[in-house]
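Reviewing the structure listed below.
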Amino acid sequence: MTAAPDVVLAHEALLHALPFVVPALVVVGLVLSIVWRDRREERREDRSGS
Amino acid sequence: MPALSQVPESPPAGGAALADVIGATAGVGLVTAALLALAVLHRTGRTTLLARLAAAAGRHTGRPGWVALPSLVTSLALITALFGMLWDISLHIGEGRDEGPLANPAHYFILVGLFMVFAAGMLAVVLPLGDDQPGPASVKITRTWRAPVGGLLIAASGLYALLGFPLDDVWHRLFGQDVTLWGPTHLMLITGAGLSLVGILVLEAEGHASQPAGKGASALVGRFLRVFAFGGLLIGLSVFQAEFDFGVPQFRLVLHPMMIAGAAAFALVAARLMGGRGAALGAAVFFLVLRGGISLLDGPVLGEPTPSFPLYLGSALLVEALALTTLARRPVLFGAVAGLVIGTVGSAIEAAWSYAVMPQAWTPDIWAEGLIMSTAVAVGAGLCGGLLALGVQGQLPRPVVSRTVLVASLLVLAAATANGVIATVPSDARANVALTPAGEGFATAEVRLDPATLADDPAWIQLTAWQGGGLVVDQLERTGPGTYRSTKPVPVDGSWKTLLRLHDGRTLTASPVFLPADAAIEAEEVPAVSSTRDFVPEIELLQRERKLDVSGTTWLIASLVVLLCSIVLVSALSWGVGRLSRRIASAPLDDAPADDARDGAAASR
């Protein structure tokens, strides 16, 4: 009988999150950063306007 | 904890092949980068590809492109995820545990489907540009960019469902693999996918509100879209029943009618109130066609155990009939009465259906308790269905009324579910099983319960063999006081796990007949010999991979994390529906039928 070849397993939960969850979180982070920068810019313009 | 390890000699009980992780990460990373680039090019006016695709989808549905294209993508995504989920469940029932989160082909369908749900939501967020702005309920991203709230809700539902995957992995490491649909993190996947339909309905209403009067979908197209959405909602809410559909429920049978009545009341009431005459019936037919198709694909085509499904047609007809009365002019009251009728008469029709096609018929043992639970949950679900219909049409009652109804309904659902999951195991009971060989690896059985009074009118007493390459369920035939016999041979060797299962009232227990040795979880073989063995909690036999020695505090904390995520999602959806209702005009939809309940909606508020 031939022994089955070894398969390397990833044992960190973070590795399992990488394929699908991290890209989604990156997108969310990107949108939130755009919101934050725009709000900051808006406040700056309001202050300089007043 | 080591980052990498070698696979043990026996099939592993956790972990993912690193090559799978790298491949999937690279693939999805590339897709995400491409989508992000497309979104940036679209919003900076350097490509019209997305706009042209959206416009084409919009032309065929009469909706704005930022509604039509994301709705189409979400629908495809949900069908993909649904197929993956049902295939995954049948694989677990037929073959047992996974070697890791990416070691099962069905998981890719689930992951891709759920990622597409998230991507579709984000598509709705980035699409509106120039004059084609979303309606008054939209959310400000920047001073020149507003996102439809429906898109945000779809993306949030997709993200919530996706988060279930890494949390599921953490859960497995803490508590071992829970080979049951009703693991808390498994429920996240299903709930996120199912509730994304609420986001679609909100998005669709925003699209309508943003269009000039008279411009929009033709009556027929608009009604079909809404009927399909509610049929999809019915499908999403029905995935919770899957263990019962396959015939290996790990919880008391009273939960089955409760879940069917709740799903029917919520989806069918909202469908009828929003879609007009025939919409509830149409949603039920859509459900039967799609679920029937996937069952055929799952069973005869892929060769896995075939799931049954609820009928819903009886409940749909009841809702349609009720809507012919003046009750339809008072949507909240209509929802409550429809829930009452679905919980009682509708459940009776489903009970007859259970005897005809379901693996676990609803025996008299559960009738009284099942009726109470079904009716209470269905009334709450019907009320929420009425609220959803009003909210999406901009006619939500005062916040104090809406919130009270929603919270009260959720509390009733939680109480009924808690009652349903409470089961007992007899402390001093055993079964004598006499096996007679019946072909290679198969045996028939004569069973004697001790004490003989252990089961007087059982919901089920059966031999179940699973995870050996299929599923065999044999409802035993009573031969005398406390004695039963099998009606067909059951497998008792190889990797099959065969047990005697007993459910009577609150008693939910099992006794092993044959269990293979399993080095990965350090479990010894329970040989298939005639013997007397104790009844034990089912979970010890059905979920051998579970670690039952983990402290209750750890389990409580982990459950609270999942609960917190769920509360955030439900709150977000409620906020979205409330925002939509407050901000859109309450003019009737131009593709709604004349008998629509909105005519008298004000009377109910």
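So what's the net charge close to B:V239: Lys and Arg +1, Asp and Glu -1, counting the other residues with Cβ under 14 Å from its Cβ? Here the count lands on -3. DSSP beta bridges confined to the protein assembly as shown are antiparallel in about 100 percent of cases.
Between B:T404 and B:L38, the contour length at 0.36 nm per residue exceeds the alpha carbon distance by 127.4 nm.
What you get for the protein assembly as shown, charging only the Cβ of Lys and Arg (+1) and of Asp and Glu (-1), is a dipole of about 3360 debye around the Cα centre.
For the pair B:K547 and B:W367, label points projected 7 Å from Cα toward Cβ lie 4.7 nm apart. Charge tally around B:R252: other residues with Cβ under 14 Å, Lys/Arg +1 each, Asp/Glu -1 each, net -3. Charge tally around B:A267: other residues with Cβ under 14 Å, Lys/Arg +1 each, Asp/Glu -1 each, net +2.
Between B:A418 and B:R46, what FRET efficiency follows from the Cβ-Cβ distance if R0 is 56 Å, with the result rounded to 0.05? Efficiency at R0 = 56 Å is approximately 0.55. Spacing of the modelled spin labels on B:T142 and B:T344, each 7 Å from Cα toward Cβ, amounts to 5.9 nm. With loop membership from DSSP and a limit of 15 other Cβ atoms within 10 Å, the longest segment of chain B without GluC sites (Glu not before Pro) is B:10-439. Label reach from B:D493 (point 7 Å along Cα→C-beta): in the stretch B:433-469, amide nitrogens under 17 Å belong to B:435-445, B:466, B:468-469. Sparsely packed loop sites in the stretch B:495-531 (the trypsin sites (Lys or Arg not before Pro) outside DSSP H, G, I, E and B with at most 15 other Cβ atoms within 10 Å) comprise B:R506. Structural descriptor for chain B: relative contact order 16 percent, calculated from alpha carbon pairs under 8 angstrom and at least 6 residues apart.
Residues whose amide H comes within less than 5 Å of that of B:F442, counting only those at least five positions distant or on another chain, are B:V492 (H built at 1.01 Å from N in the peptide plane). Report the Rg/Rh value for the stretch B:430-534, based on alpha-carbon coordinates and the Kirkwood definition of Rh. Looking at the stretch B:430-534, the ratio lands at 0.96.
Normalised by 2.2 N^0.38 Å, where N counts its residues, the alpha-carbon radius of gyration of the protein assembly as shown equals 1.01. Extension gain for B:R59-B:V570 works out to 180.7 nm (0.36 nm per residue, less the C-alpha to C-alpha distance). Rg over Rh for chain B works out to 0.99, using Cα positions for both radii and the Kirkwood form for Rh. The modelled label-to-label distance between B:A438 and B:E540, using points 7 Å beyond Cα along the C-beta direction, is 2.7 nm. Shielding by partners for peptide B:27-39, expressed as the average number of C-beta atoms from other protein chains within 10 Å of each residue's C-beta, is 3.
In a fully extended conformation the segment linking B:E446 and B:Y355 would gain 30.3 nm over its present Cα-Cα distance, using 0.36 nm per residue. Using only Cα positions of the stretch B:106-204, each an equal point scatterer, no hydration layer, compute I(q)/I(0) via Debye at q = 0.10, 0.14, 0.23 Å⁻¹ and quote the log10 values to two decimals. One equal scatterer on each Cα of the stretch B:106-204 leads to -0.33, -0.57, -1.07.
Taking a span of 24 Å or more along the helix axis (Cα atoms) and a mean Kyte-Doolittle hydropathy of at least -0.5 as the rule, the DSSP H helices of chain B that qualify are B:18-43, B:65-95, B:105-126, B:149-175, B:184-210, B:219-238, B:255-275, B:279-296, B:367-392, B:399-421, B:552-583.
Values in this text are rule-based calculations from the coordinates and carry no lab data. Remember, it's a predicted structure, so these values are computed and weren't measured experimentally. So basically every Cβ, Gly included, is an ideal-geometry build from the backbone, and we count neighbours across all protein chains shown.
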